[in-house]
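Colleague: Got a structure for you, written out below as structure tokens; questions coming shortly.
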Amino acid sequence: MRKIIVLFLIGLAVAACTSIDCPVNNSVRTYYALKKADGTPDTLNKDTMWVWTQRVDGTDTVISKQTQGNLELNYFYGSSASSFDLPISYTQPEDVLYMLVRNAKGINYLDTIRIKKENYPHFESVDCQASYFHTITGVSATHHVVDSIVINNPQVNYEQNTTHFKLYLKANR
Amino acid sequence: MSKIPHISSSISRLTVSLLLLLVGMGSTKAQVTKMFTLEKDSIPLFRGFSVSFDLVGPAMLMLSDHGEYEGALRVNLHDQWFPIFEVGIGKANHEKDEVTEITYKTTAPYFRIGMDWNILRNKHQSNRMYAGFRYAFTSYKVDIIREDLPDPVWQSQAGFGVKDMGCSMHWAEIVFGIDAKVFGPLHLGWNVRYKRRIVNNDGDLGTTWYVPGFGTNDSDNLAANFNVIIDI
């Protein structure tokens, strides 16, 4: 009987401690993998890529080396760039991303990627920041340097170890 | 978005909980048999009712943003078994968190039904020590509001407000407690409870935060009550 009482008192002491159980990773981002036509990993090799977007107020939020005062979503260079991640808007039904690839000869290729999605507010606790999860319903792109882009995993949430899009760039860029 | 477990897994969880209760009491087979057997003496089977109300829940309501008002009706069978029905109202009113700016509100009833066993050797004395179990249920609606949630990249405002989102939870409890007679029909007692979630529906936003009667939402919880008990 004494053991039971001690056990419950220990349990009560543990219960008296408060904790905040928010996810360690609480950023919602989309993950891209560069692929060759045969499905093997691709890299930018000696090319450079910039990705930017336009803010909701219409200002040219962009970013590239040529455009000042705007927001660059990401910038990649070299043979180690075989995958990358980008933010996703909270509530827009469609995100429009601009992707500029400059090859080793200095030639620029500009493509536009359109991502259609459904947005769901997500709540964990009053102690954790609110966020939005998404279901990607469609993707399309222009084809100056992009050969194709396909949805690999349509569910966008806190998961980091995933690939949402497979991006196939033209081999002769 | 929330997954509702299969009913068989729920039953198995409940079974495991009950087994844990028995194992936790260090019971041998003979002891378990004794627990379920009516002691042979001159005391009648039906010994009356008692009503009780909890003081911890109201204190939590006064000192924090969530808590409960809870009462119980308990039947005394031969000072050995105490079938019990508990009912309460759980309330949370978390207004615009200082950090996350989230508002969370709910007020809803909850119900528990179960049984306590007097585990003292001399069961017919006025003080009692008991162990028991509960099955509990609540169906509740929550308001979750986050105004002016800014999108850091696109700079749009993406706040949301969900009103009266329907949720529910079934859970099981293992209870251990003590009642002490103060005078006349008045007893005071405390108990601690291990609560284990069985099935839950958290609505469409991921999870809920406070569940009436269960506490902050998790797979399990520990809680304590301090009861004022009146024999009738």
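Every number in this text was worked out from the coordinates using simple rules, so none of it is lab data. These numbers were taken from a predicted model, which means no experiment stands behind them. Don't worry about glycine lacking a Cβ; one is built from the backbone with ideal geometry, like all the others, and counts go over all protein chains shown.
Colleague: How about region A:77-173: which chymotrypsin sites (Phe, Trp or Tyr not before Pro) there lie in a loop by DSSP and see at most 15 other Cβ atoms within 10 Å?
Modeller: Details: sites: A:Y77, A:F84, A:Y90, A:Y98, A:Y109, A:F123, A:Y132, A:F133, A:Y158, A:F165, A:Y168; in loops: A:Y90, A:Y158.
Qualifying residues, ordered by number: A:Y158.
Colleague: Can you find, among B:F137, B:N118, B:T106, the residue sitting farthest towards the positive end of the charge dipole of region B:45-150, where Lys and Arg contribute +1 and Asp and Glu -1 at Cβ?
Modeller: Of the candidates, B:N118 comes out farthest on the positive side.
Colleague: Which order results if A:H134, A:H144 are arranged by neighbouring Cβ count within 10 Å, fewest first? Could you put the intermediate results ahead of the total?
Modeller: Details: A:H134 23, A:H144 15.
The fewest-first ordering by Cβ neighbours comes to A:H144, A:H134.
Colleague: Across region A:28-169, how large is the tail of the calculated P(r) beyond 24 Å, expressed as a percent of all Cα pairs?
Modeller: Details: 3125 of 10011 pairs.
Roughly 31 percent, rounded to a whole number.
Colleague: Another one. Pop the C-beta distance of B:V228 and A:Y158 into the FRET formula with R0 = 51 Å and round what comes out to the nearest 0.05.
Modeller: Numbers: r = 45 Å, r/R0 = 0.89.
After rounding to 0.05, the efficiency reads 0.65.
Colleague: May I ask you to compute the full-extension gain from B:E101 to B:S139, defined as 0.36 nm times their residue separation minus their alpha-carbon distance, rounded to one decimal in nm?
Modeller: On the way: separation 38, 0.36 × 38 = 13.68 nm, distance 2.58 nm.
Computed gain between B:E101 and B:S139 is 11.1 nm.
Colleague: Could you tell me which of A:V150, A:Y132, A:Y109 has its Cα farthest along the dipole of region A:103-150 towards the positive end, charges placed at Cβ (Lys, Arg +1; Asp, Glu -1), taken about the Cα centre?
Modeller: The residue sitting farthest along the positive end of the dipole is A:Y109.
Colleague: Can you sort B:R146, B:R121 so the residue with the fewest Cβ neighbours within 10 Å comes first?
Modeller: Working: B:R146 23, B:R121 8.
Final ranking by Cβ density, sparse to dense: B:R121, B:R146.
Colleague: Can you put A:V150, B:V175 in order of Cβ neighbours within 10 angstrom, beginning with the fewest?
Modeller: Values: A:V150 10, B:V175 22.
Final ranking by Cβ density, sparse to dense: A:V150, B:V175.
Colleague: Would you mind checking the pairs B:K141/B:K163; B:K105/B:K163; A:K35/A:K105 and listing those with alpha carbons more than 18 angstrom apart? Mind showing how you got there, number by number?
Modeller: Details: B:K141/B:K163 8 Å; B:K105/B:K163 9 Å; A:K35/A:K105 22 Å.
Beyond 18 Å between Cα atoms: A:K35/A:K105.
Colleague: Distance cut-off 32 Å, Cα to Cα: go down the list A:K117/B:K91; A:K117/B:K195; B:K123/B:K195 and report the pairs above it. If you can, show how the numbers build up before the last one.
Modeller: Details: A:K117/B:K91 36 Å; A:K117/B:K195 39 Å; B:K123/B:K195 27 Å.
Flagged as over cut-off: A:K117/B:K91; A:K117/B:K195.
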